[in-house]
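Written below as structure tokens is the structure these notes are about.
Nothing in this text is a laboratory measurement; each read-out follows from the coordinates by a stated rule. Quick caveat, the model's predicted, so the values are computed rather than measured. Methodologically, a virtual Cβ is constructed for each residue, glycine included, from the backbone with ideal geometry; neighbour enumeration extends over all protein chains shown.
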Amino acid sequence: MSDGPRSPAGAAAAPPTSSPVAPKPRAAPEEYEFSDAHKERFRALAASVSFVGVCTMLFGGMAVLFALAAVYGGYPDNGIGLGVGAALLLVMAWWTVSAGRSLSALVSTSGRDVERLMEAVEQLRRLFGFARIAIIGAAVVLMVVAAAIVWCTLAADKGGKCFFL
């Protein structure tokens with residue numbers, strides 16, 4: 001019976017040895033630099049993003065004032081709702097302004113264009129991730145309210161009660 005090929009007597013298989021030559025370290029890649037035409041497009045985008053961020057911040061500030069006025073006027077529930085909305089607007093405004101600043105820095109600096117662009121992308125990812133959650137939440141709330149209205153309409157037509165009312 002054969003157990004497979006055998007090495008000649010006295011010869012031992014040597015384990016693989018590492019090469020005595022050390023691998024060369026990779027040179028740092030040169031940073032990509034956008035052209036002037038690209039930077040002009042980024043400048044226009046930065047101006048628009050910053051404008052939207054500042055306007056959102058102003059709306060958030062106004063919502064804070066309205067929340068305080070509602071609490072002072074004796075409507076604390078409305079004031080709390082406005083306060084929560086104001087906080088959300090201010091967070092969204094912060095992310096938007098930060099993205100605009102990163103884009104502005106991309107235009108005004110040289111040598112770190114990709115890093116600045118990725119900073120702006122990260123801020124926009126946060127903003128739109130939050131917007132996605134807000135839209136899904138609003139859709140769920142809207143569906144629950146619509147279902148409650150339909151249920152109450154059907155219950156009222158049959159002479160029943162609508163949610164213990």
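Assorted remarks:
- Mean Cα-pair separation over length for the stretch 36-136, i.e. relative contact order, pairs under 8 Å, 6 or more apart, %: 32 percent
- Rounded to 0.05, the FRET efficiency of the Leu68 and Lys161 pair, given R0 = 41 Å and the Cβ-Cβ distance, is 0.60.
- Global size of the stretch 36-136: 16.7, 57 Å for Rg and Dmax (C-alpha atoms, Rg to one decimal, Dmax whole).
- Nearest-0.05 FRET efficiency for Val84 and Cys152, computed from C-beta distance (R0 41 Å): 0.95
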